[in-house]
Amino acid sequence: MEIKPYENSSKDKRGQIEDMFDNIAENYDFLNHSLTFGIDKLWRRKAIKQAKINSPETILDIAAGTGDFTILEAENTSANITAIDISQNMLDIAIKKAETKKMSERIKFLKADSLNMPFEDNSFDVATVGFGVRNFVDIPKGLKEILRVLKPNGKLVVLELSEPPNKIVKLGYSFYFHKVLPFWGKIISKDAQAYQYLPKSVDNFPYGEKFLSLMTEAGYNNVKLKWLTLGLSAIYTGEKK
C-alpha cells in the first residue's frame, strides 16, 4: 500500500514528499535531534564507518536533506561528495552548513530525484542514504538506479528506521512514534500531516531481511544488516558486482 503525506493533495507521492520536506525544513534538524534524543547522531557515525571502509574517492549522498550525513562524510573521509535531494528548502540549509564548515569545495549539492539521477553509469565509489529510502516512490527502482551509478565493487550504505523486534521495546516505540512524535511535530513544525506520515512510513517500510532481499533482487552482492539500538534503526550494506 502506498503511503502519502497529504490526504487532500492531488499531487503524486513524489510531489507530496517534496512539499512535505519543503514545509518542515526550517524545524527539521531540531525535531530530528530532539525527538530521537540525539541518538540519530550516533547512528549516522556508525553508518559512516561502513561508508569509509574502502577509502572512497567519490561519494553520492542520496536524500541528503539538511546535510548532516553529508557533512559527517566530508569530516570523516577525503572523498569528493555529491549530495542530492528533491527538496530545495532542505538543500538550502545544507548549503549554508557546508559554507559554515568551509566544506563547499568538496561537496556539490544538487536538486535531483533518486529514481532518475543525472549521473553517468559507474560514477561513484560509495552511495549513502540516511533515513530516506522509505520515502522512495518505488524502492526497487531506486535501488537499481543507485546500483547503476555505482562503480564496479562500489558500496551502498543505507541507514533507516525500523520496528524493533523485541515485543516490549516495540510497545514503547509504537506509543512514542504514533502518539508523542506526531503531537510535538504538529506543535513545532505546524505541519501535522508530515509527522503523522513519519510513523506510517516506518510501519510500511520492508525492514530487516525483507530489505536485504530487495537489495539482492536489485543486483547487489554481499548484502548485510546491522541492527542499532535494540532494532530502532538498522544499517544495510551491499556491493556492486
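The values are calculated or read from the model by the stated rules, or taken from the named source; none is laboratory data. The structure presented is a predicted model; accordingly, all values stated were derived computationally and were not measured. All Cβ positions, even for glycine, are placed from backbone atoms using ideal geometry, and neighbour counts span all protein chains on display. With ligands, DNA and RNA removed, areas are computed over all heavy atoms of the protein, side chains included. Shrake-Rupley method; radii C 1.70, N 1.55, O 1.52, S 1.80 Å.
Structural remarks
- Test for PRO199: is it of a type outside the set (Phe, Trp, Tyr), free of Cβ contacts under 8 Å to residues at least 24 places away in the same chain, closer than 24 Å to ARG45 by Cα and surrounded by 15 or more Cβ atoms within 10 Å (Cβ to Cβ): yes
- The stretch 28-108 holds helices (runs of 4 or more DSSP H) entirely within its bounds, and those carrying 2 or more residues that are acidic (Asp, Glu) map to 68-76, 88-100.
- Qualifying residue in the stretch 42-63 (condition: under 20 Å from ASP191 (Cβ atoms) and of a type in the set (Ser, Thr, Tyr)): no
- Restricting the stretch 149-168 to residues that are over 19 Å from GLU57 (Cβ atoms), open to solvent by 10 Å² or more (accessible area, probe 1.4 Å) and of a type outside the set (Val, Ile, Thr), the residue that is modelled with the highest pLDDT: LEU161
- Among the candidates ASP85, ASP138, ASP92, the residue that is in contact with a helix residue (DSSP H, G or I) (Cβ under 8 Å, 6 or more places away or on another chain), modelled with pLDDT of 95 or more and open to solvent by 40 Å² or more (accessible area, probe 1.4 Å) is uniquely ASP92.
- Verdict on ASP61 being modelled with pLDDT of 95 or more and open to solvent by 10 Å² or more (accessible area, probe 1.4 Å): no
- Residue within the stretch 140-155 that is under 21 Å from PHE37 (Cα atoms) and basic (Lys, Arg) present: no
- Residue among PHE119, PHE109, PHE124 that is open to solvent by 30 Å² or more (accessible area, probe 1.4 Å), more than 21 Å from ASN23 (Cβ to Cβ) and of a type in the set (A, V, I, L, M, F, W, C): PHE119
- Subset of the stretch 116-137 (residues that are part of a strand (DSSP E or B) and of a type in the set (Phe, Trp, Tyr)): PHE124
- Odd one out for PHE37, checked against (1) under 20 Å from THR229 (Cα atoms); (2) in contact (Cβ under 8 Å) with a residue 40 or more places away in the chain; (3) aromatic (Phe, Trp, Tyr): (2)
- Looking across the stretch 1-27, the residues that are surrounded by 14 or more Cβ atoms within 10 Å (Cβ to Cβ), in a loop (DSSP other than H, G, I, E, B) and either of a type in the set (A, V, I, L, M, F, W, C) or touching a residue at least 60 places away in the same chain (Cβ under 8 Å) (or both) come down to ILE3, LYS4, PRO5, TYR6.
- Test: GLU145 is open to solvent by 20 Å² or more (accessible area, probe 1.4 Å), more than 18 Å from ASP22 (Cα to Cα), among the charged types (D, E, K, R) and without any contact (Cβ under 8 Å) to a residue 60 or more places away in the chain: yes
- Evaluation of TYR207 against (1) buried (at least 18 other Cβ atoms within 10 Å of the Cβ); (2) among the hydroxyl-bearing types (Ser, Thr, Tyr); (3) over 16 Å from the mean Cα position of the chain (by Cα) (one fails), failing number: (3)
- Candidates SER174, SER213, SER233: the one that is open to solvent by less than 70 Å² (accessible area, probe 1.4 Å), without any contact (Cβ under 8 Å) to a residue 40 or more places away in the chain, of a type in the set (S, T, N, Q) and within 22 Å of LEU42 (Cα to Cα) is SER174.
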